[in-house]
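S.K.: Take this structure, written in structure tokens, and hold onto it; I'll ask about it next.
The values are calculated or read from the model by the stated rules, or taken from the named source; none is laboratory data. This one's a predicted model, so the numbers in the text were calculated from it and none came from an experiment. We place every Cβ from the backbone using ideal geometry, glycine too, and count neighbours over all the protein chains shown. Surface areas here come from the heavy atoms of the whole protein model, side chains and all, with no ligands, DNA or RNA. Shrake-Rupley method; radii C 1.70, N 1.55, O 1.52, S 1.80 Å.
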Amino acid sequence: FDIHTAERAIETLGGREEFGFNFDPSHLIWQGVDPVEFIRAFGDRIYHVHMKDAYMSPVPTRAGVFGGHTNFGDPDRSWDFRSLGRGSVDFEEIIRALNDISYKGPLSVEWEDSGMDREIGAAEACAFVDSVDFEPSGLAFDAAFAE
């Protein structure tokens, strides 16, 4: 659910190396958990990454974060899944944090958006991942001026 429960799970399992996480920022963002902080806290245990976005309303809504028994796509919800790049997840910072922890695994698109045609959304999501994914630099910027 969050950083505290992840820590408790690791502790409960005696720190077993086999226990890790499928990182999915869309499920952290609507709970108010910083996805980048999760990466930094559990970098050695992130074994897979879902590229999935969620939108958080900047103003109060009729249904709270638990959804109020509304369907996804209902405008009364305070959050909803959105096509990549159309929500509230800061993928720039996520990619930078994944590079910082030397994550080399897949970036899997998990697409869900009640307000968008899925064929259009799937193509858009794949293009979005290509646009935000980048290799980290092998040296510091100012190293170019060392000689």
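S.K.: Is there any pair with a first residue in the range 119-147 that is outside any loop (DSSP other than H, G, I, E, B) and a second that is of a type in the set (S, T, N, Q) and open to solvent by less than 90 Å² (accessible area, probe 1.4 Å) whose Cβ atoms are under 6 Å apart and which are 6 or more apart or on different chains, and what are they?
M.R.: Once the first residue is outside any loop (DSSP other than H, G, I, E, B) and sits in the range 119-147, its partners that are of a type in the set (S, T, N, Q) and open to solvent by less than 90 Å² (accessible area, probe 1.4 Å) give 121/83; 124/83; 125/83.
S.K.: So which pairs qualify, if the first residue must be in the range 22-49 and on the phi < 0 side of the Ramachandran plot and at pLDDT 95 or above, the second must be assigned to a helix (DSSP H, G or I) and of a type in the set (D, E, K, R), the Cβ gap must be under 6 Å, and the two must be at least 6 apart or on different chains?
M.R.: The qualifying pairs are 36/93.
S.K.: List the helices (runs of 4 or more DSSP H) inside the range 1-117, counting only whole elements, that have at least 1 residues being in contact with a His (Cβ under 8 Å, 6 or more places away or on another chain).
M.R.: Working: elements: 3-12, 25-29, 35-41, 91-100.
By residue number, 25-29.
S.K.: So, one more: Regarding the range 67-77, can at least one residue be identified that is open to solvent by less than 50 Å² (accessible area, probe 1.4 Å), in contact (Cβ under 8 Å) with a residue 40 or more places away in the chain and over 17 Å from the mean Cα position of the chain (by Cα)?
M.R.: Checked against the condition, which is being open to solvent by less than 50 Å² (accessible area, probe 1.4 Å), in contact (Cβ under 8 Å) with a residue 40 or more places away in the chain and over 17 Å from the mean Cα position of the chain (by Cα), the range 67-77 yields at least one hit.
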